[in-house]
Amino acid sequence: MKLDPELSVEENDQVYRPAEDSYLLLRALDLGEATSFLEIGTGTGLIALHAVRWAQTVATDISPFATALARGNAQKNDAALDVVRADLFHGLRGAFDAIAFNPPYLPLRPRGGWLDRAWSGGQGGDEVVLRFLRDVPPFLAEGGAIYVLLSSRNREALRTVRTDFRSQEVGRESLFFDEIRVYRLRPA
Amino acid sequence: MDILCCPVCKGNLELVVAREEDEILEGGLICHHCDFTYEIEDGIPNLLPPELR
């Protein structure tokens, strides 16, 4: 999807600000015929606010600051976005045509604080995304696709997307210290 | 509602509405099996399990 400069997306110091990774995931996301979309870890809600014009969209985040900001941004843009505070898929049910996640991927231990949890992915940077990849299959509708962003350092997650899914790289960008890639995944 | 369930036992939740304006702004989602209420505040259901609160 293309970034819509007309959207008004507020940011604040308590919520991960849209950065290269957010925009890479947005550009790679192709909702096609999808009628339902789930974004995990929505942050400001930027991606979900683009998706809501295409599909019935649910946006989640574990941070209370992110869910409040995303809901505020939805209201500012008159978007019918459902925002839910949840830890990955716990508390959700149903099947979605597309699911997207820009996970915390830096190899840092979370030291506490909601913002820190937006980028600290634990050992190897992929502890959260590995949980996501383990839990996602039953939430995907027949013919649906998962969009997930990974860093070149997330070695275990990179192995998992290749062995447990049919994966296709649909975006790539070099940052200072690593390379980030977006994969489109379908069940193997 | 149809996309939400108890984050602990995955069971059904009973919706209780306290304030509504076109959409539910304040209320609760009760899991009778776990005897726990997940609150809805400012239109946002909080489905974090008790141990993550």
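No lab work stands behind these numbers, since they all come straight from the coordinates. None of the values given here were measured: they were computed from a predicted structure. Don't worry about glycine lacking a Cβ; one is built from the backbone with ideal geometry, like all the others, and counts go over all protein chains shown.
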query: Which order do B:His32, A:His90 fall in if you start with the one that has the fewest other Cβ atoms within 10 Å?
result: B:His32, A:His90
message: Give me A:Asp164, A:Asp61 sorted ascending by neighbouring Cβ count inside 10 Å, so fewest comes first.
response: A:Asp164, A:Asp61
Compactness of region A:146-188, expressed as Rg and Dmax over alpha-carbon positions, Å: 10.1, 33
query: Using the Cα gyration tensor of region A:107-169, with a ≥ b ≥ c the square roots of its eigenvalues, what is the shape: rounded (a/c below 1.5), prolate (a/b larger than b/c) or oblate (neither)?
result: prolate
Kirkwood-type radius of the protein assembly as shown, with distances r between different C-alpha atoms, in Å: 18.0
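If we count other beta carbons within 10 Å of each Cβ, what is the order of A:Trp54, A:Trp114, fewest first?
Lowest count first: A:Trp114, A:Trp54.
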statement: The base-10 log of I(q)/I(0) that the Debye equation returns for region A:36-167 at q = 0.13, 0.22 Å⁻¹, one scatterer per C-alpha, is -0.52, -1.35
message: Could you tell me the center-to-center distance, by alpha carbons, between region B:16-51 and region A:122-188 in angstrom?
response: 32
statement: Candidates A:Gly113, A:Gly72, A:Gly122; GNM for chain A (alpha-carbon contacts under 10 Å) flags as most fluctuating A:Gly113
- line: Quick calc, region A:20-187, dipole around Cα centre from Cβ unit charges on Lys, Arg (+) and Asp, Glu (-), nearest 20 debye, gives 240
statement: Fraction of alpha-carbon pairs in chain B farther than 15 Å apart, rounded to whole percent, equals 41
- prompt: Reported to two decimal places, what Rg/Rh ratio describes region A:6-88 when computed on Cα atoms with Rh from the Kirkwood expression?
  reply: 0.92
